[in-house]
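First up is the structure itself, then whatever we jot down about it.
The values are calculated or read from the model by the stated rules, or taken from the named source; none is laboratory data. Remember, it's a predicted structure, so these values are computed and weren't measured experimentally. No Cβ is skipped: glycine too gets one built from the backbone with ideal geometry, and neighbour counts run over all protein chains shown.
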Amino acid sequence: MATPLVVSNVSKSFTMHLRGGVRLAVVEGVSFALTAGECAVLGGPSGVGKSSILKMLYGNYAVDEGQIIVEHDGRLVDLATASPRAVMAVRRDTIGYVSQFLRTVPRVAALDVVAEPLTARGQDRLAARDRAAEMLARLNLPERLWQLPPATFSGGEQQRVNIARGFITDHPVLLLDEPTASLDAANRQVVIDMISGKKEAGVALLGIFHDQDVREAVADTIIDVTAFAPGKAAA
Amino acid sequence: MSDDPLLRVSSVSKSYGQRVGCADVSFDLWPGEVLAVVGESGSGKTTLLNCLSTRLMPSAGSVDYRMRDGSWRDLYRMSEAERRLLMRTDWGFVHQNPADGLRMTVSAGANVGERLMAIGDRHYGNIRAAATDWLGRVEIAEDRVDDEPRAFSGGMRQRLQIARNLVTGPRLVFMDEPTGGLDVSVQARLLDLLRGLVADLGLAAIVVTHDLAVARLLSQRMMVMKDGRVIETGLTDRVLDDPRAPYTQLLVSSILQV
C-alpha cells in the first residue's frame, strides 16, 4: 500500500513567553502513516492535540522534534524542517486542507474563493470557475450567493465554501478539520459522499470528526491521540 | 515557480553613527513571492527597505539581483545610471504617502504615462491607451484621466501610485506601508486590488507594514524585526499562528479582535 505521508516521533509544545516562559507540552511521540485510498481519523477528547497535529502536517504549526515525510513531486520532503518555499509548493500540489473556519478576504466572491487553488496552479480562470460552480452546486449553496464575498454568509454556508475549496483539487493528501461541524444532515451526507469519492481516487485523508455518524461512515482507521499525550509516550 | 531567486540579500547592515538602523539581514526572494516585513515603529523596517531599493547605501553587506537576461548584479556596485534605469523599469516603489511617489501637479494620465516615456515609449496614442487601461485596472474612472491627483481622495491617490508603478511591468515592487493612513473600507479595496495584481502579474514584492492583518492577506512569507534585527522568519501563517520569539508573541497577542 502506498503511504504518501509518514509521521514519526513528532512532538509539539508551546512556550508562552508572555506568561513567564511557561512550556505547554501538547503531544509527544506522534507516529502514524496515511495510506492512499483510505481515511484515517484522529480520535480523542477536545484539547488532546488533534488540530495541532493537522496544523503541523500542513506546516501551519512548527514542529519541535520528529519528521513528517510527504511524497511531493516524486521526492520525499520533511515538512518538519522544510523551507517556507518548499512548504508552499507542497500545499499547492500535494497536501490540501479544509480548516474548521473559513478565513474570508474582503471583496472576493465565493466562486473565486473556491476556484483559487486551481488558478494558483496555473489553470484557466474560466475553467476553474466552472469547476467551482459544480462544487458549490453539489454542496447545495444557493446560486445567488456565488458572486458574493462569504464574509456575511452563515456558518454552514461558509463551511460549504471552505469544503468546496478544499475538495476542488486532486491533491494526493487531504486534511479535514471538522468539515461537517456546522452542516445539516443532507449536506453532511454530501460531504460523506465526497470523501468516498476521494478515497476511490486514491487520496489519503486524515480528518477530525466529532460527529459519530460521519466518523463511522468515513473512517478506515482511528488514530487514538491520547496515546501521544506528553509523558505517556513509550520512548 | 522558478528555481532561481530574484534577489539575494546578504548581511545587510546600516548604522547611523552609533545607532543601528538594521543589522545583519539576509534572505532570498523568489519571483511571485510576497515578503512582509513587520515590526513596530523604529524597528528598522523602512531603513531596510530603503537599503534594498538602493535609496540608501548600507554600511555593510550586499544585495544581488537577477537581471532579465539572467545575469546577477551586485546592486551596490552598479553605476548610478544603471540603478536609475532599473528603478524606472524593473522595479516599483510604493510610498506610504502617495504625494512622495506622484507628481501632484500633472494629470493622472500623465503620472502613469511618464513612466512609459522614461523607458522610451514615444507614441502619444499608445501611452494614453496604456495609462487609461491601467487607471481602469486600479478602478479609477476614465473621466478622471485628465484630473490632477491633488483633486483625488487618499485612496484614489494610492491606487494611482500603484498604477504608475506597475505600468512598466516591473518584476519587483517595494511597498512601504501601502495601506497606512487609509480608512479601513478603502484599505480593504486596495488590499484586494493589490492581491489580485500581484497574483495576476506574478510580481515579487517586499511589503513593509506594522499591520499584521495586511501581512496575512498579502504575503506568503514574513520577517519580524526588532531593534534593527530579524528575530523571526517563516511562512506568514506559521509566524502568526505559532509565533516563537517573545516579541512576535507580544505583537500577535496585541491584535485587537473585532
Exercise. Give the number of residues within the stretch A:151-161 that are surrounded by fewer than 22 Cβ atoms within 10 Å (Cβ to Cβ) and in contact (Cβ under 8 Å) with a residue 40 or more places away in the chain.
Key: 3
Quiz item: Does A:ALA120 satisfy the condition of being touching a strand residue (DSSP E or B) at 6+ places or on another chain (Cβ under 9 Å), within 11 Å of chain B (Cβ to nearest Cβ) and closer than 20 Å to B:ASP237 by Cα?
Solution: no
Practice problem: Tell me, yes or no, whether the stretch A:99-107 has at least one residue that is part of a helix (DSSP H, G or I), hydrophobic (A, V, I, L, M, F, W, C) and within 14 Å of chain B (Cβ to nearest Cβ). | Solution: no
Practice problem: Quick one: which residue in A:ALA164, A:ALA204 is surrounded by 19 or more Cβ atoms within 10 Å (Cβ to Cβ), within 15 Å of the chain's Cα centre (by Cα) and free of Cβ contacts under 8 Å to residues at least 60 places away in the same chain? | Solution: A:ALA164
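Table: residues versus (1) in contact with an Asp or Glu (Cβ under 6 Å, 6 or more places away or on another chain); (2) at the interface with chain B (Cβ under 10 Å from one of its Cβ atoms); (3) acidic (Asp, Glu).
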{"site": "A:GLU38", "(1), (2), (3)": "yes, no, yes"}
{"site": "A:GLY43", "(1), (2), (3)": "yes, no, no"}
{"site": "A:VAL48", "(1), (2), (3)": "no, no, no"}
{"site": "A:SER52", "(1), (2), (3)": "no, yes, no"}
{"site": "A:GLY59", "(1), (2), (3)": "no, yes, no"}
Exercise. May I ask you to list the residues in the stretch A:80-89 that are within 11 Å of chain B (Cβ to nearest Cβ) and not basic (Lys, Arg)?
Key: A:ALA82, A:SER83, A:PRO84, A:ALA86, A:VAL87, A:MET88, A:ALA89
Exercise. Residues being in a helix (DSSP H, G or I) and either among the hydrophobic types (A, V, I, L, M, F, W, C) or buried (at least 22 other Cβ atoms within 10 Å of the Cβ) (or both): count how many of those fall in the stretch B:206-235.
Key: 6
Self-check item: Segments classed as helices (runs of 4 or more DSSP H), wholly inside the stretch B:101-205, with at least 2 members that are surrounded by 17 or more Cβ atoms within 10 Å (Cβ to Cβ), of a type outside the set (D, E, K, R) and within 14 Å of chain A (Cβ to nearest Cβ)
Solution: B:184-201
Practice problem: Output the residue which, of all residues in the stretch B:1-28 that are touching a helix residue (DSSP H, G or I) at 6+ places or on another chain (Cβ under 9 Å), modelled with pLDDT of 95 or more and within 26 Å of A:GLY122 (Cα to Cα), is farthest from the other protein chains (Cβ to nearest Cβ). | Solution: B:LEU7
Exercise. Could you check how many residues of the stretch A:94-112 are surrounded by fewer than 18 Cβ atoms within 10 Å (Cβ to Cβ) and touching a residue at least 60 places away in the same chain (Cβ under 8 Å)?
Key: 2
Exercise. Residue by residue through the stretch A:140-149, note down the ones that are part of a loop (DSSP other than H, G, I, E, B) and under 17 Å from A:THR104 (Cβ atoms).
Key: A:LEU141, A:TRP146, A:GLN147, A:LEU148, A:PRO149
Quiz item: Hey, which of the strands (runs of 3 or more DSSP E) in the stretch A:12-85, taking only ones fully inside, have at least 1 residues that are of a type in the set (Asp, Glu)?
Solution: A:22-34, A:65-72, A:75-78
Quiz item: Which residues, counting only those in the stretch A:34-88, are of a type in the set (Asp, Glu), farther than 18 Å from A:PHE209 by Cα and either at pLDDT 95 or above or buried (at least 21 other Cβ atoms within 10 Å of the Cβ) (or both)?
Solution: A:ASP64, A:GLU65, A:GLU71, A:ASP78
Quiz item: Do we have any residue at all in the stretch B:245-254 that's more than 16 Å from the chain's Cα centre (by Cα), part of a loop (DSSP other than H, G, I, E, B) and either under 27 Å from B:CYS51 (Cβ atoms) or within 13 Å of chain A (Cβ to nearest Cβ) (or both)?
Solution: yes
